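The values are calculated or read from the model by the stated rules, or taken from the named source; none is laboratory data. What you see is a predicted model; the values in this text were computed from it and never measured. Here the Cβ positions follow ideal geometry from the backbone for every residue, glycine too, while neighbour counts run over all protein chains shown. Just the protein is used for accessible areas: all its heavy atoms, side chains included, with ligands, DNA and RNA removed. Shrake-Rupley method; radii C 1.70, N 1.55, O 1.52, S 1.80 Å.
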Amino acid sequence: MTEPNRERLRATFTEAAGLYDRMRPAYPQRMFDDLAQLAGTGPGCRVLEIGCGTGQATLPLAARGCRITAVELGAEMAALARRSLADFADVEIVVSDFESWLLPQEHFDVVIAATAFNWVDPAVRVTRAADALGPAGALATVTTHHIAGGSESFFLEVQDCYERFDPATPPGLRLPTGADIPEDSEELDVSGRFGPAVFRRYEWELTYSTQEYLDLLRTYSGHRALDPVVLDGLLEAIGDLIDRRCGGSVTKRYLTQLRVARRLT
C-alpha cells in the first residue's frame, strides 16, 4: 500500500465512528488470556495502544487493570472510546497519529496495535514501537482476516457483484483458508530490535442479517473509498443476493491472529 493510499484510507474510519463501534466484532476472549500470558497484560501493566478506534481492545485490557495510553488518529473514534472507558481512571486517550506523537520519557511494558499496525507507516512503526518499550517489553499486534467458511456459496457468488461495480476487483477472487494466512514476523526479524515472535490464532464465525452485513461493509475503508453512487449500487446488489439466495442472513468466518515479540535493544 502506497503512503498516499494509506493516508486516504485510514482517514475513512472516523467518518463512521458510531457505525464502526456498533458493527465491528469484538476480539475473542481467549486472545486476552493469551496476551496476559505472553505479554503480562495485568494489573499495573503500562500499555501503549496504537490506533484504539472506539476501544474494542482497550476496554478488556482496562478491565484487567492495565494502565493505558491510547493514541487514536480519529477524533470521533477517540470521543466514543472515552465514553466507553469513562469508568477507568487509568486510561488516557490521545488524538494523534502514532508517527508524529511525542513518545513519553517513561517506557511502556507493552505496545499493542489491534487491527491497526498495518495503517502505520512501515518505515517507522517497528522502530517507534521498540523505542516506546522498556527492556524486554512486548510488542503485540493483532490482525483480523476474513477466511473461507461460513456461507461459502454466498461469498463465491458475491464476487460477481464486486466485479460488476468495482473494476479494480481481481477476477475470480476467492477467500483464503485459515491455513493460507502466514505467520509473518519478517519486519520484526530484520529490524534487529525484537526477539522471535510467538503467534496465537483463533478461528470463529458470526452471523449477520442482511442489514447488519451491509452496515458492516459500510465500515470497511475500501468500500467507503468508492464513489457513493457505486457503493449504493454494490450494497443494493449484495443485499438482494443475501435475501434471494441466503434467506436474509449470512455467516462470516474470521481468523484473528495475535503476534507477540519481546524487545531486544
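A few notes on this one:
- Scanning segment 157-201 for residues that are of a type in the set (Ser, Thr, Tyr) and touching a helix residue (DSSP H, G or I) at 6+ places or on another chain (Cβ under 6 Å) yields 169, 191.
- If you filter segment 98-118 down to residues that are within 17 Å of the chain's Cα centre (by Cα) and open to solvent by less than 40 Å² (accessible area, probe 1.4 Å), you find that the one that is nearest to residue 263 (Cα to Cα) is 111.
- Test: residue in segment 210-227 that is open to solvent by less than 50 Å² (accessible area, probe 1.4 Å), more than 22 Å from residue 24 (Cβ to Cβ) and not charged (D, E, K, R): no
- Applying the set (1) more than 26 Å from residue 18 (Cβ to Cβ); (2) in contact with a helix residue (DSSP H, G or I) (Cβ under 7 Å, 6 or more places away or on another chain) to residue 243 leaves exactly one unmet item: (1).
- Residue that is surrounded by the fewest Cβ atoms within 10 Å (Cβ to Cβ) [pool: residues in segment 190-207 that are of a type in the set (A, V, I, L, M) and in contact (Cβ under 8 Å) with a residue 12 or more places away in the chain]: 206
- Enumeration of residues in segment 138-175 that are farther than 30 Å from residue 111 by Cα, outside any helix (DSSP H, G or I) and not aliphatic (A, V, I, L, M): 149, 150, 151, 166, 167, 169, 170, 171, 172, 174
- The set of residues in segment 119-139 that are among the β-branched types (Val, Ile, Thr) and open to solvent by 40 Å² or more (accessible area, probe 1.4 Å) comprises 124, 127.
- Considering only residues in segment 56-94 that are in contact with a strand residue (DSSP E or B) (Cβ under 9 Å, 6 or more places away or on another chain), open to solvent by 10 Å² or more (accessible area, probe 1.4 Å) and of a type in the set (S, T, N, Q), the one that is nearest to residue 108 (Cα to Cα) turns out to be 69.
- Among the conditions (1) hydrophobic (A, V, I, L, M, F, W, C); (2) more than 19 Å from residue 27 (Cα to Cα); (3) surrounded by fewer than 21 Cβ atoms within 10 Å (Cβ to Cβ), residue 147 misses just one, which is (2).
- Residue within segment 152-170 that is loosely packed, with under 15 Cβ neighbours inside 10 Å and within 21 Å of residue 116 (Cα to Cα) present: no
- Considering residues of segment 195-222 that are assigned to a helix (DSSP H, G or I) and under 16 Å from the mean Cα position of the chain (by Cα) only, the residue nearest to residue 167 (Cα to Cα): 222
- Candidate set: segment 233-254, residues that are without any contact (Cβ under 8 Å) to a residue 12 or more places away in the chain and in a helix (DSSP H, G or I); chosen: the one surrounded by the fewest Cβ atoms within 10 Å (Cβ to Cβ): 244
- Residues of segment 1-18 classified as surrounded by 15 or more Cβ atoms within 10 Å (Cβ to Cβ) and either under 26 Å from residue 261 (Cα atoms) or at pLDDT 90 or above (or both), total: 2
- Pairs meeting the criteria (first residue in segment 94-111 and under 16 Å from residue 44 (Cβ atoms), second residue crowded, with 17+ Cβ neighbours inside 10 Å and among the hydroxyl-bearing types (Ser, Thr, Tyr), beta carbons under 8 Å, at least 6 apart or on different chains) are 108/69; 110/41.
- Only residues that are open to solvent by less than 80 Å² (accessible area, probe 1.4 Å) and either touching a residue at least 40 places away in the same chain (Cβ under 8 Å) or part of a helix (DSSP H, G or I) (or both) were counted across segment 176-189, and they come to 5.
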